[in-house]
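Note sheet for the following structure.
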Amino acid sequence: MQVVLESPSALERQFTLTIPTGDVETEFEAKSAATAKSVRIDGFRPGKVPAIVVRQRYGQDIRQELVSDLMAKSLGEAL
């Protein structure tokens with residue numbers, strides 16, 4: 001994680017957080033695997049849904065949740 005702090009004025013502070021792509025992809029794979037174990041999709045036994053099917057159906061939701069979690073975690077560390 002990289003944090004860049006800027007001071008546009010005496011009272012303002014702005015910062016930019018940069019999270020490495022590798023960290024995001026690692027977390028995405030972990031969340032996809034956890035979701036695959038708990039999701040129920042017709043045609044598959046519970047816990048046996050292939051990862052590709054989980055990514056197709058729930059990938060966008062997983063990524064949004066992941067970004068939200070990573071931003072909150074990174075913000076806490078940066079502050």
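The values are calculated or read from the model by the stated rules, or taken from the named source; none is laboratory data. Only a predicted model underlies this, so the values are computations on that prediction, with no experimental measurement involved. Heads up, the Cβs are rebuilt from the backbone with ideal geometry, glycines too, and the neighbour counts pull from every protein chain shown. Accessible surface areas use protein heavy atoms only, side chains included; no ligands, DNA or RNA. Shrake-Rupley method; radii C 1.70, N 1.55, O 1.52, S 1.80 Å.
Residue count for the stretch 5-25 under the criterion of being open to solvent by 60 Å² or more (accessible area, probe 1.4 Å), assigned to a helix (DSSP H, G or I) and farther than 16 Å from Asp61 by Cα: the result is 2. In the condition set (1) at negative phi; (2) touching a helix residue (DSSP H, G or I) at 6+ places or on another chain (Cβ under 9 Å); (3) open to solvent by less than 60 Å² (accessible area, probe 1.4 Å), Tyr58 is compliant with all but (3).
Condition first: over 13 Å from Asp61 (Cα atoms) and of a type in the set (Gly, Ala, Ser). Now tell me which residues in the stretch 26-35 satisfy that. Within the stretch 26-35, Ala30, Ala33, Ala34 meet the criteria.
Set side by side, the residues Lys37, Lys73 differ, and just one is in contact with a Gly (Cβ under 6 Å, 6 or more places away or on another chain) and open to solvent by 50 Å² or more (accessible area, probe 1.4 Å), which is Lys37. Applying a threshold of 6 Å to beta carbon distances and a minimum spacing of six or more residues, or different chains, the list of pairs starting in the stretch 1-17 at a residue that is under 22 Å from Ala72 (Cβ atoms) and ending at one that is open to solvent by 90 Å² or more (accessible area, probe 1.4 Å) and among the aliphatic types (A, V, I, L, M) reads Phe15/Leu5.
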